[in-house]
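Engineer: Before anything else, here's the structure in question.
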Amino acid sequence: MSLNYHQSWNPAAAVIGMAFLSFCCHLDMSDQPKYKPYGASSFFADGTSARPLVEGTIARGHMITDSLLATGKSGGKFADLFPFPVTSAVVQRGQDRFDTFCSPCHGRIADGNGMIVQRGFPAPPSLLTDSLRAEPAGFFYDVMTNGFGKMYSYAPSIGERDRWAIVAYIRALQLSRKIPLTDLPETDRRHFRDIVP
């Protein structure tokens with residue numbers, strides 16, 4: 001007995017069969033009952049689908065344990081203190097991060113004349129002005145974290161401690177423009193006397 005595979009087939013029956021199969025197999029998450037975020041619910045007594053956190057819930061991922069470190073604020077206001085000691089290693093790290101991320105716009109000395117400004121991009125304010133020198137340290141941290149004007153947030157690119165290191169370096173640059181020569185150690189005064197007539 002031989003099988004004949006060349007029997008005629010009905011294209012209409014094939015199309016109907018495929019449509020039936022696709023309809024029957026279309027059981028996915030879009031077909032199940034669910035609540036949209038913050039949608040109304042008749043199931044819960046308060047009428048909302050969003051439920052309060054269970055007491056004792058512990059956050060996963062990024063949890064703010066030090067408000068000053070994470071926000072630059074203390075008591076809801078920009079703080080003029082640092083969340084960790086500022087050492088020369090911190091300032092050097094800040095210089096490295098400033099040169100990498102900030103100097104293209106702000107310039108290597110924070111005067112607002114970076115490379116992209118020299119090529120036509122609008123100039124940011126000089127960080128050396130008296131008005132910005134008067135801003136608390138937390139202000140600069142907040143600007144790096146949340147952006148300001150045309151400057152976007154650098155939080156995804158620069159970690160919290162590095163943002164504070166940049167603030168320390170900005171403070172060093174601001175101080176360097178106003179410090180009297182008499183306040184410098186003798187070795188530094190000698191150096192400046194040699195290069196400044």
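Engineer: Exactly one of these conditions fails for G112: (1) crowded, with 16+ Cβ neighbours inside 10 Å; (2) more than 20 Å from K150 (Cβ to Cβ). Give me its number.
Structural biologist: Single failed check for G112: (2).
Engineer: What is the one condition in (1) part of a helix (DSSP H, G or I); (2) of a type outside the set (S, T, N, Q); (3) under 24 Å from the mean Cα position of the chain (by Cα) that E135 does not satisfy?
Structural biologist: (1)
Engineer: Something else: Every residue in the range 35-85 that is of a type in the set (A, V, I, L, M) and part of a loop (DSSP other than H, G, I, E, B), please.
Structural biologist: Our first condition is that a residue be of a type in the set (A, V, I, L, M); within the range 35-85, this holds for 40, 45, 50, 53-54, 58-59, 63-64, 68-70, 79, 81.
Once the filter is applied, which keeps residues that are of a type in the set (A, V, I, L, M) and part of a loop (DSSP other than H, G, I, E, B), the range 35-85 yields A45, A50, L53, V54, I58, A59, M63, I64, A79, L81.
Engineer: Within the range 57-76, track down each residue that is touching a residue at least 60 places away in the same chain (Cβ under 8 Å) and either more than 18 Å from the chain's Cα centre (by Cα) or surrounded by fewer than 10 Cβ atoms within 10 Å (Cβ to Cβ) (or both). Quick ask: steps written out before the conclusion?
Structural biologist: Here is the first cut: in the range 57-76, the ones touching a residue at least 60 places away in the same chain (Cβ under 8 Å) are 68-74.
Listed by number, the list holds a single entry, S74.
Engineer: Shifting gears a bit: Sort out which residues of the range 117-135 are surrounded by fewer than 13 Cβ atoms within 10 Å (Cβ to Cβ) and among the aliphatic types (A, V, I, L, M), and write them in order of number. First the steps, then the outcome.
Structural biologist: Pass one, the range 117-135, residues surrounded by fewer than 13 Cβ atoms within 10 Å (Cβ to Cβ): 118-120, 122, 130-131, 134.
Matches in the range 117-135: A134 only.
Engineer: For A89, only one of the following conditions fails: (1) over 22 Å from the mean Cα position of the chain (by Cα); (2) at pLDDT 95 or above; (3) not in a helix (DSSP H, G or I). What is its number?
Structural biologist: That leaves (3) as the condition not met.
Engineer: Let me ask something else about it. For the subset of the range 122-132 comprising residues that are in contact (Cβ under 8 Å) with a residue 40 or more places away in the chain and in a loop (DSSP other than H, G, I, E, B), which member is nearest to the chain's Cα centre (by Cα)?
Structural biologist: Kept after step one, since they are in contact (Cβ under 8 Å) with a residue 40 or more places away in the chain, are these residues of the range 122-132: 127-128, 132.
Remaining after also requiring in a loop (DSSP other than H, G, I, E, B): 127-128.
Numbers: L127: 21, L128: 24 Å.
Step by step, filter the range 122-132, then rank; the result is L127.
Engineer: With respect to V117, is the statement that it is in contact (Cβ under 8 Å) with a residue 12 or more places away in the chain, assigned to a helix (DSSP H, G or I) and over 21 Å from the mean Cα position of the chain (by Cα) true? Let's see the steps before the verdict.
Structural biologist: Working: in contact (Cβ under 8 Å) with a residue 12 or more places away in the chain: yes; assigned to a helix (DSSP H, G or I): yes; over 21 Å from the mean Cα position of the chain (by Cα): yes.
Against the criterion (in contact (Cβ under 8 Å) with a residue 12 or more places away in the chain, assigned to a helix (DSSP H, G or I) and over 21 Å from the mean Cα position of the chain (by Cα)), V117 qualifies.
Engineer: Out of all the residues in the range 138-194, which are acidic (D, E) and without any contact (Cβ under 8 Å) to a residue 40 or more places away in the chain? Quick ask: steps written out before the conclusion?
Structural biologist: As a first pass, look at the range 138-194 and keep what is acidic (D, E): 142, 160, 162, 183, 186, 188, 194.
Across the range 138-194, the qualifying residues are D183, E186, D188, D194.
Engineer: So, of the residues in the range 149-169 that are exposed (fewer than 15 other Cβ atoms within 10 Å of the Cβ) and not basic (K, R), which turns out to be farthest from the chain's Cα centre (by Cα)?
Structural biologist: Among those residues, the one meeting the criterion is G149.
Engineer: Sticking with this structure for a sec: Listed residues D142, D194, D162; which is outside any strand (DSSP E or B) and either touching a strand residue (DSSP E or B) at 6+ places or on another chain (Cβ under 6 Å) or modelled with pLDDT under 95 (or both)? Outline the logic, then answer.
Structural biologist: Working: D142 fails: either touching a strand residue (DSSP E or B) at 6+ places or on another chain (Cβ under 6 Å) or modelled with pLDDT under 95 (or both); D162 fails: either touching a strand residue (DSSP E or B) at 6+ places or on another chain (Cβ under 6 Å) or modelled with pLDDT under 95 (or both).
Only one candidate passes the filter, namely D194.
The values are calculated or read from the model by the stated rules, or taken from the named source; none is laboratory data. Because the structure is predicted, anything quoted here is derived from the model rather than measured. In this analysis, Cβ positions are derived from the backbone assuming ideal geometry, glycine residues included, and neighbour counts consider all displayed protein chains.
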